[in-house]
1. Taking the conditions exactly as written (closer than 22 Å to GLY133 by Cβ, touching a residue at least 24 places away in the same chain (Cβ under 8 Å) and surrounded by fewer than 18 Cβ atoms within 10 Å (Cβ to Cβ)), does ARG314 satisfy them or not?
2. Filter the range 84-107 down to the residues that are more than 24 Å from LEU55 (Cα to Cα), in contact with a strand residue (DSSP E or B) (Cβ under 8 Å, 6 or more places away or on another chain) and open to solvent by 40 Å² or more (accessible area, probe 1.4 Å) and list them by number.
3. Considering the range 25-73 alone, what residues qualify as being among the charged types (D, E, K, R), closer than 17 Å to THR83 by Cα and either surrounded by fewer than 20 Cβ atoms within 10 Å (Cβ to Cβ) or without any contact (Cβ under 8 Å) to a residue 60 or more places away in the chain (or both)?
4. Inside the range 288-330, can you point out the residues that are polar (S, T, N, Q) and out of contact with any Phe, Trp or Tyr (no Cβ under 9 Å at 6 or more places or on another chain)?
5. Please specify each residue of the range 206-244 satisfying the condition of being under 21 Å from the mean Cα position of the chain (by Cα), charged (D, E, K, R) and open to solvent by 40 Å² or more (accessible area, probe 1.4 Å).
6. Would you mind finding the one in THR85, THR57 that is out of contact with any helix residue (DSSP H, G or I) (no Cβ under 9 Å at 6 or more places or on another chain), farther than 30 Å from PHE322 by Cβ, hydroxyl-bearing (Ser, Thr, Tyr) and not in a helix (DSSP H, G or I)?
7. Considering the range 117-130 alone, what residues qualify as being of a type in the set (S, T, N, Q) and part of a strand (DSSP E or B)?
8. Exactly one of these conditions fails for SER136: (1) out of contact with any Gly (no Cβ under 9 Å at 6 or more places or on another chain); (2) of a type in the set (Gly, Ala, Ser); (3) farther than 30 Å from PRO7 by Cα. Give me its number.
Amino acid sequence: MTLTLHPAKLSGEIAAMPSKSDLHRLMIAAWLAGQDISQLPIISEDIAATRDCLLATDGVLNCRESGSTLRFLLPVMAALGRTVTFTGEGRLPERPLEPLLSLLRQHGVTINGETLPLRISGQLQPGTYQLPGNISSQYITGLLFALPLLQQDSEIILTSPLESAGYVEMTLRTLGKFCAFVEKSQIGWVLQNWSYRPAATLVPEGDWSNAAFWLAAGLNVVGLDENSAQPDKEIVQLLQLGGDMDASQCPDLVPIMAVYAAVNYERCEIRNAARLRIKESDRLAAMAQNLAALGADVTELPDGMVIRGKKPLRGGVEVNSFGDHRIAMAMAIAALYCDAPVTLHGAEVVAKSYPNFWADYQRLGGIVHGL
């Protein structure tokens, strides 16, 4: 879908949508506890993927484009001793799965293939699981869900400092809601065998990740928990303090912060964001290309970018979502500050996390042609 986005000013307030990150975790834990997951809202394609995989009856788990679904459920299904085939769509088959696959193989799981489709069989065995902390926190979350299902204690040991620590804390809080209390060690976590128990309520938090786009546009977002473990609540401090950005703990904020810097900061260096190159798109390259097309002064770095902003964005050009929901939403906010309309190709990808984005954008004052 191609849309034309016109310069405009958004106004008003908006209620935060349910957190996609929280919903993935609640849904998996509730399913393991035998709770009815149908009461949880299906807010996006990613959440639909997790639900459908949990309810699949034919042994084929289609994760669509959801990295969370795949990386969470690989160890869970292995711990349950299931024989299943994982499939995926879009860029998901290209996204890395190491060292998770090696860890599962080392602990008794047979895996046919290195990329999707993957067929797993056998029974995951307890033991020591060592992995770096500076790769995807989704690997750690998947193991935290899975290892308590085994008959003996297991331990996760981090061999380097943990990045995206907030997402791991979200998982630990979710486990607590289902009566699982993981023991923290100096270098990781110890997990004992226990059974998931139903949670008292299944109410997801408001989503800081998608709220960040509206907050950067100057809107009030209601329904956000300031005490949330979601890393993207850092958007509040980033908008207030300005300057450079260390993206190691909140990489998903990079697209919208790059836009915000281009129109508000004289200079901003975004660093420790190399992991963004293996998301739904190479987000560093995508943002650098799109912002440069709009007239921003951007220098792409191996692990980030330097933006010299406070210059008018020209607009009057075509940009691309690169098949990435966060790139599409960032470009929607950038178009507000351009001197001329912006044509966005691939605008439909917002459905991955925020299907109602364009409707909300218009309701708040955005001018969109092509819907």
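1. no
2. Within the range 84-107, ARG105 is the sole residue that qualifies.
3. Once the filter is applied, which keeps residues that are among the charged types (D, E, K, R), closer than 17 Å to THR83 by Cα and either surrounded by fewer than 20 Cβ atoms within 10 Å (Cβ to Cβ) or without any contact (Cβ under 8 Å) to a residue 60 or more places away in the chain (or both), the range 25-73 yields ASP52, ASP58.
4. THR299, ASN320, SER321
5. Those that are under 21 Å from the mean Cα position of the chain (by Cα), charged (D, E, K, R) and open to solvent by 40 Å² or more (accessible area, probe 1.4 Å): ASP225, GLU226, LYS233, GLU234.
6. When all the criteria are applied, what remains is THR57.
7. SER121, THR128, GLN130
8. (1)
The values are calculated or read from the model by the stated rules, or taken from the named source; none is laboratory data. This is a predicted model, so every value here is computed, not measured. Don't worry about glycine lacking a Cβ; one is built from the backbone with ideal geometry, like all the others, and counts go over all protein chains shown. To get the accessible areas, we keep the full protein, side chains included, count just its heavy atoms, and leave off ligands, DNA and RNA. Shrake-Rupley method; radii C 1.70, N 1.55, O 1.52, S 1.80 Å.
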